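Quick note: the coordinates plus some simple rules give every number you see, no bench work behind them. Not measured: the values here are computed from a predicted model. Every residue, glycine among them, receives a Cβ derived from its backbone with ideal geometry; neighbour counts consider all protein chains shown.
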Amino acid sequence: MVMSPSFIITQQYFVKYRVRVAYIVILGFSVGSLSGGPLMRYLIDTFAWRGALIIHAGIVLHSAVFSCAFFPLPEAKRKLDTDNESKDHTKRSLLHRLFFEFFDCALWLEVKYTLYCASCFTSIIATLSLVHHCVNYALFYGVDKHHAALLVTVGGSGSLSSRLIFGAISDHPKLNRPLQFALSQTLVSLFIFLLLLAHNLLGIAIISYAVGFCAGEL
C-alpha cells in the first residue's frame, strides 16, 4: 500500500525523466534489503522471534508516517476537485457507484495488459520466494546461520547495482524497455531454477546476486 502510491505520486512531477525517477524511488527498497538480513538475525538472537517481529513491525510502520508527505500536484488537486463536483451533480445509484465503477474489469480484456500483469505477478512470487526461503535453503545445506543471513544482503546488493546502472540509462532513446522487461523476466526464472544446483554458500550467493540484479531491472 506504500510502494505503488510512491511510484504513482512521484512520477506525476516528472515527464522527461519519469523512468529514472521510478528507479530512484525503488532504490530505497534495495538499500533497506542490504541491512534487513543481518538486522533480523540480530533481533532474533537478542529478542527471540516474537520480539523481532514486534520491532520489525515498528520499523515498517514508519513508512506510513513518511507516506503522509506525499501530496498531488496543485493542478491535479484542482482537477480532482472539479471532477468531484461534477460527480456530485450526477444522479447515480449507489449500486452503480459501488459495483460498476469499483469492479470495472474491462481493462482485463486487453490481452497485452493481462499478460503483463500475469508476468509481473509470477516474477514477484518467484523473487519473494527466493528472498524468504534462501536463508532456510542455505541452513539446510549446513551454512552457518550468520552467513546465511547475509544472503538477503547479497540479493539486495544485486538489485541496488542493477537499479543504479539502468536508472542512469533508462531514458536513453535506443533502450527497448519491453525487451529489457522480457529478458529480465526470463533470466529471473532461469536463475531460480539454477538454485537447485547450488548446495554451498558461494553458489547460493551467486544465484541470489544474479536474481537480485535481474529483478532490479524490472
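Give the peptides 116-123, 191-198 in descending order of average Cβ contacts within 10 Å, highest first.
Ranked by mean Cβ neighbours within 10 Å, highest first: 191-198, 116-123.
Here the simple spin-label model places points 7 Å from the Cα toward Cβ, and for Cys117 and Gln11 these points are separated by 1.6 nm.
For region 110-121, the Karplus equation 6.51 cos²θ - 1.76 cosθ + 1.60, evaluated at θ = phi - 60°, returns couplings of 7, 4, 4, 5, 5, 5, 4, 5, 5, 5, 4, 5 Hz by residue, with Gly and Pro reported as x.
Between His199 and Leu128, the simple spin-label model (points 7 angstrom out along Cα→Cβ) gives 3.1 nm.
A simple spin-label model places the labels of Ile55 and Leu27 2.8 nm from each other, with each point 7 Å out along Cα-to-Cβ.
Leu43: net charge of surrounding residues, Cβ under 15 Å, Lys/Arg +1, Asp/Glu -1, itself excluded?
Values: positive: Arg41, Arg50, Lys145; negative: Asp45.
Neighbour charge sum, excluding Leu43 itself: +2.
With r as the distance between the Cβ atoms of Leu187 and Thr46 and R0 = 45 Å, compute the FRET efficiency 1/(1 + (r/R0)^6) and round to 0.05. Before the final figure, lay out the partial values.
Details: r = 38 Å, r/R0 = 0.84.
The pair Thr46/Leu187 has a calculated efficiency of 0.75.
Report, in whole Å, the centroid distance computed from the Cα atoms of region 187-209 and region 106-185. Centre-to-centre distance over Cα atoms comes out at 13 Å.
Using the Karplus relation 6.51 cos²θ - 1.76 cosθ + 1.60 with θ = phi - 60°, the per-residue 3J(HN,Hα) values for region 15-28 come to 10, 6, 10, 5, 5, 4, 5, 4, 5, 5, 4, 6, 4, x Hz, with x marking Gly and Pro. Of the chymotrypsin sites (Phe, Trp or Tyr not before Pro) found in region 127-169, those in coil by DSSP whose Cβ has at most 15 other Cβ atoms within 10 Å are Tyr141. The trypsin sites (Lys or Arg not before Pro) of region 138-218 meeting both criteria, a DSSP state outside H, G, I, E and B (loop) and at most 11 other C-beta atoms within 10 angstrom of the site's C-beta, are Lys174.
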